[in-house]
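To start, the structure itself, in structure tokens.
Values quoted throughout were computed directly from the atomic coordinates according to the rules given, and no laboratory measurement underlies them. No experiment lies behind these values; they were computed from the predicted model shown. Please note: Cβ atoms are built from the backbone with ideal geometry, for glycine as well, and neighbour counts cover all protein chains shown.
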Amino acid sequence: MLKLPASIRVLERGWLSSNNVVLTGPEDTVLVDSGYLTHATQTLALVEHALADRGGRTLDRLVNTHCHSDHMGGNAALQRRYGCHTSVPAGEAPLIERWDEDALLLSYADQRAERFRVDATLAAGDRLRMGGIDWVAIAAPGHDTHALMFHSPEERILISGDALWEDGFGVLFPQLFGREATFAETRRTLDSIAALDVRCVIPGHGAPFEEVDAALERAYSRLHAFEEDPARLARHAARVMLTFALLEKQRLPLASLTDYVAQTRVLRDINQRFFAMTPQHFAEWIVHELERVRAAKREDGDLVPLVTA
Amino acid sequence: MKPAAAALDDGVPSPCIDVCKMNGDTGYCEGCLRTIGEIAGWSTYSDCQKRAVLERLPARQTPC
Ligand SMILES: [Zn+2]
């Protein structure tokens with residue numbers, strides 16, 4: 001079992017919700033990332049539970065590694081409950097201020113979040129105090145161009161968001177939408193993690209882990225495979241987007257999928273740019289892929305998620 | 001975000017299936033059947049404690 005300082009509690013969630021990190025310091029309490037909208041009630045209960053363990057304190061601050069639906073979906077509910085001061089990466093603040101549903105991959109990707117208030121912004125190089133520990137914000141472009149990670153040199157811990165998981169990283173969306181620098185940016189992000197002194201990574205999804213070098217190696221080789229064949233990234237993204245929808249809805253009638261992939265703009269755009277299949281063919285292909293990777297199965301005319309437990 | 005995939009490490013995988021809604025009557029998550037304390041504490045548990053939680057779950061299934 002991995003040992004973290006007592007002031008850090010990782011609320012390990014699934015894939016629809018990112019992990020939430022509760023940091024309780026002598027000065028104040030902070031939460032990093034808030035999960036998905038439809039899980040907000042459980043997020044509130046988990047945060048309350050974690051704070052009760054630390055003497056029943058309030059939540060003073062909320063920080064987001066990046067503003068995707070699975071990381072900011074509980075922000076509004078937490079603000080209502082605690083009035084917590086909320087910081088987002090500087091590059092995302094304008095998108096939040098004008099609630100740009102396309103740039104935030106919300107309605108564009110058939111995902112949801114509730115609008116919230118931004119009190120402050122964070123930029124690479126900023127120093128933060130969370131859980132009685134000093135952290136430095138590190139730029140993490142790739143999966144999200146404006147994303148940040150938080151590194152504690154003293155504890156040698158990295159809160160990596162979706163820039164590095166134990167097995168991979170978040171979908172490189174900007175590349176899919178034409179940001180050609182994305183592969184190079186992702187490589188620089190991995191390089192900057194490799195240059196940090198890190199004994200433990202708290203990822204945005206999955207359990208905290210210590211085998212950082214092995215995770216980096218897997219991430220580099222995945223990146224390399226995407227660079228060699230960008231269509232591979234598109235196939236991966238299509239699988240992830242439909243899995244996300246399936247996890248949110250828990251079942252989708254197979255008969256509805258042709259319309260779903262034709263009408264959900266992120267899937268329509270990926271198909272147009274990389275595959276140019278008919279919607280029906282594209283839908284059949286994704287279902288086949290999800291069955292192949294055991295992310296879903298057919299049941300009574302529906303597609304249902306198969307989360308490996 | 002990431003599609004469902006088996007945990008990479010040999011550790012005990014979380015039983016979360018992304019339903020993540022507490023049942024007010026039973027006090028268990030409607031997806032994974034853990035209590036809020038078991039979910040909040042999961043990342044602090046040893047593999048042995050995690051397995052003990054997993055073993056308690058089947059008995060919590062409501063008979064239909
Ligand atoms: Zn993300």
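Which of A:SER221, A:SER160 comes first, and how do the rest follow, when ranked by fewest Cβ neighbours within 10 Å? Walk me through the intermediate numbers first.
Details: A:SER221 11, A:SER160 27.
Neighbour counts put them in this order, fewest first: A:SER221, A:SER160.
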## Note on the structure
Restricting to Cα pairs under 8 Å and 6 or more apart, the percent relative contact order of segment A:8-228 works out to 16
### Task
Arrange A:HIS224, A:HIS49 by Cβ neighbour counts within 10 Å, fewest through most, would you?
A:HIS224, A:HIS49
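Would you list B:MET22, A:MET130 from fewest to most Cβ contacts within 10 Å?
B:MET22, A:MET130
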### Check: segment A:72-133 dipole with +1 on Lys, Arg Cβ and -1 on Asp, Glu Cβ, in debye
400
### Task
Would you be so kind as to identify which of A:VAL22, A:ALA181, A:ALA225 lies farthest towards the positive end of the dipole of segment A:8-228, taking Lys and Arg as +1 and Asp and Glu as -1 on Cβ and the Cα centre as origin?
A:VAL22
### Message
Nothing charged except the Cβ atoms of Lys and Arg (+1) and of Asp and Glu (-1): what's the magnitude of the dipole of the protein assembly as shown about its Cα centre? Round to the nearest 20 debye.
### Response
560
### Message
5 Å is the cut-off here: which amide hydrogens, built 1.01 Å from N in the peptide plane, fall below it relative to A:MET130, excluding neighbours closer than 5 in sequence?
### Response
A:TRP135
### Query
Which residue, chosen from A:GLY206, A:GLY301, A:VAL240, occupies the Cα position most advanced towards the positive end of the dipole of segment A:172-309, where the dipole is computed from +1 (Lys, Arg) and -1 (Asp, Glu) charges on Cβ about the Cα centre?
A:GLY301
### Task
Using a Förster distance of 56 angstrom, determine the FRET efficiency expected from the C-beta separation of A:ALA90 and B:THR62, and round it to 0.05.
0.70
### Query
Given a Förster radius of 41 Å and the C-beta distance between A:ALA123 and A:VAL304 as r, what FRET efficiency does 1/(1 + (r/R0)^6) yield to the nearest 0.05?
0.45
### Task
About the Cα centre of segment A:172-232, how large is the charge dipole given +1 on each Lys and Arg Cβ and -1 on each Asp and Glu Cβ? Please answer in debye to the nearest 20.
180
## Note on the structure
For the table B:LYS21/B:LYS50; A:LYS297/B:LYS50; A:LYS3/A:LYS249, the rows whose alpha-carbon distance is greater than 24 Å are A:LYS297/B:LYS50; A:LYS3/A:LYS249
